[in-house]
Amino acid sequence: MTRRLLCLIIPILLCFNGLIAQAPWCDGYHYYQNYSLGGYSPTNYVIAIEQIKIREGSNILYNHAADGYSGDINCGQEYRLSNPTSKAFVLKSGHTYSIDANSSSAYSYYANFGVFIDLNNDKDFLDPGEYLGTWSDVNNGSFKQSILKTKDITIPCNAKLGATRMRIVCNYNVYTMNASYGCTSCSGAPYYGETVDFSIVIEKPSPVSADFIVPNTIWIKTVRQFVNKNSIGYIQHAWDFNNDGTYEQISKSPNIQSNYNTWTSPGTKCVKLSSTNCLGTDSIVKCFNVLAPASVPIVDFV
């Protein structure tokens with residue numbers, strides 16, 4: 001009996017929120033969850049996905065609470081949809097997000113995690129770029145949750161806008177996670193793991209706007225930091241420390257320190273910031289006075 005037919009028979013609530021909620025997306029099987037194929041008890045050998053947090057910096061977008069192994073022993077029923085489409089969370093093109101995840105098992109095994117996003121909304125996770133990488137946690141004893149470990153991902157600028165899905169797959173750590181595990185069958189890898197899907201919506205980022213804060217006082221031969229006011233959601237920040245066409249720092253790092261070129265003489269100086277997100281590039285130049293001490297410091301203490 002096919003999964004699609006099962007969803008016609010089993011109550012609608014189960015099909016959209018329960019164990020067999022993956023349709024119309026491709027299936028994510030785990031080989032050894034099937035007694036007839038592997039003969040292993042899920043109580044003993046399964047690596048369970050526990051907590052998963054998706055956040056941007058300290059802003060938590062979604063928290064999948066630790067729930068142990070929430071699937072079934074039969075291959076093809078060991079995964080579920082964590083949140084329905086009505087409670088989808090938003091990810092924006094070009095933004096970088098952190099995924100915190102942990103696992104548990106009966107035998108103190110630990111997990112490799114893989115993250116997949118259906119970026120073109122073709123209902124699978126097998127296209128180039130849809131596998132966004134892997135990370136591992138560490139065991140914390142039998143039936144105990146491991147410590148949360150983090151993977152950072154960036155939503156590419158060419159991701160199709162609109163509703164789609166993210167998939168988190170875990171597997172016993174001795175088996176390497178790879179791009180083919182986003183859609184699988186009961187005939188092979190991944191093995192002792194679990195799969196959880198998340199309803200997401202991909203949106204455009206906010207309009208690009210470069211801006212930064214100049215320190216109140218800048219002295220010659222001293223190091224001061226210039227703080228980016230719009231640092232989140234950008235794929236690049238380029239700093240021209242002398243506004244002369246040469247960028248001393250080009251990276252995703254939002255801030256810059258004046259140790260790239262501490263000024264040795266007082267006077268008016270200018271710094272340029274050029275910021276880029278998926279919508280384009282914007283730049284701003286700010287000028288300020290660099291001061292020289294008016295007197296020799298007097299040293300004293302009690």
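The values are calculated or read from the model by the stated rules, or taken from the named source; none is laboratory data. In this text, all values refer to a predicted model and were calculated from it rather than measured experimentally. Neighbour counts run over all protein chains shown; Cβ positions are idealised from the backbone, glycine included. Heavy atoms of the whole protein, side chains included, go into the accessibility calculation; ligands, DNA and RNA do not. Shrake-Rupley method; radii C 1.70, N 1.55, O 1.52, S 1.80 Å.
Here's the yes/no breakdown for (1) modelled with pLDDT under 95; (2) exposed (fewer than 15 other Cβ atoms within 10 Å of the Cβ):
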| position | (1), (2) |
| --- | --- |
| Ile202 | no, no |
| Asn216 | yes, yes |
| Val227 | yes, yes |
| Ile256 | yes, no |
| Val299 | yes, yes |
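Condition (residue is open to solvent by 40 Å² or more (accessible area, probe 1.4 Å), in contact (Cβ under 8 Å) with a residue 60 or more places away in the chain and among the small types (Gly, Ala, Ser)) applied to region 267-288: is it met by at least one residue? Yes, some residue in region 267-288 is open to solvent by 40 Å² or more (accessible area, probe 1.4 Å), in contact (Cβ under 8 Å) with a residue 60 or more places away in the chain and among the small types (Gly, Ala, Ser).
Of the residues in region 53-67, not one is on the phi < 0 side of the Ramachandran plot, at pLDDT below 90 and open to solvent by less than 50 Å² (accessible area, probe 1.4 Å).
The condition (being within 27 Å of Ile155 (Cβ to Cβ), part of a strand (DSSP E or B) and in contact (Cβ under 8 Å) with a residue 24 or more places away in the chain) is satisfied by just one residue among Val227, Val208: Val227.
Applying the criterion of being touching a residue at least 40 places away in the same chain (Cβ under 8 Å), of a type in the set (Ser, Thr, Tyr) and part of a strand (DSSP E or B) to the residues of region 112-171, the residue that is farthest from Tyr29 (Cα to Cα) is Thr154. Among the residues of this structure, Asp197 does not count as one that is among the acidic types (Asp, Glu) and not in a strand (DSSP E or B). Close Cβ contacts (under 7 Å, 6 or more residues apart or on different chains) running from residues in region 177-196 that are open to solvent by 40 Å² or more (accessible area, probe 1.4 Å) to residues that are assigned to a loop (DSSP other than H, G, I, E, B) and at pLDDT 95 or above are absent.
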